[in-house]
Amino acid sequence: MPALQLDDKALAAYLDSHLVGSAAGLRMFNAAKRTWKGTDAATVLAGIEREVAGERRELKQLMHSLGYHRSLFKAAAARAGAVVGKLNPVNPLRSGGGATGQLELELLQSALKGKECLWRTLLELAPAQPQLDSSRLTDLLELVRRQQETVADIMRRTAPARFTK
């Protein structure tokens, strides 16, 4: 099998897009933490939020080590998204009940699935790029799987209260 030769422009754009997505993910976890304030779920979601922040820093460091720079357009879009995200259009009343609470948790799952795809993709590219540490990427993949299961557990435990009388 021939060695992979990475397209730095494509990979830089991909990583930058995930960096923008990670900022949105942090906002989503912060909003969910406020929604579930005063419950065990809030503590758990705050822990995942801290992990996501650490992973975001790690992604920034990876981009820097690869010599990649942020897109000015994507950085501006991320700032605009931060303003809109404060409104929390999915759950404006910060209610854990009903459909809005469920949708908020499902959006967290979607964000985590996107991050899982990032780590899987980078793991496939690791043989072509020494800065992509396969062992660390495997650890990050396991972390996101645990995060997904944790959010799924919150959904399972709280669904009856949201959808039953």
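Just a few scattered comments:
- Hey, Lys60 among the charged types (D, E, K, R) and assigned to a helix (DSSP H, G or I) or not: yes
- Total residues in region 128-147 satisfying the condition of being modelled with pLDDT of 95 or more and either among the hydroxyl-bearing types (Ser, Thr, Tyr) or surrounded by fewer than 15 Cβ atoms within 10 Å (Cβ to Cβ) (or both): the figure is 7.
- Filtered residues of region 39-52 (kept if farther than 13 Å from Leu112 by Cα and part of a helix (DSSP H, G or I)): Asp40, Ala41, Ala42, Thr43, Val44, Ala46, Gly47, Arg50
- Leu122 in contact with a Phe, Trp or Tyr (Cβ under 8 Å, 6 or more places away or on another chain) and either aromatic (Phe, Trp, Tyr) or crowded, with 18+ Cβ neighbours inside 10 Å (or both): no
- The residues in region 34-53 that are modelled with pLDDT of 95 or more, surrounded by fewer than 14 Cβ atoms within 10 Å (Cβ to Cβ) and of a type in the set (D, E, K, R) can be counted, and the count is 1.
The values are calculated or read from the model by the stated rules, or taken from the named source; none is laboratory data. Just so you know, these numbers come straight off a predicted model, no measurement behind them. Cβ atoms come from the backbone with ideal geometry, glycine included; neighbour counts cover every protein chain shown.
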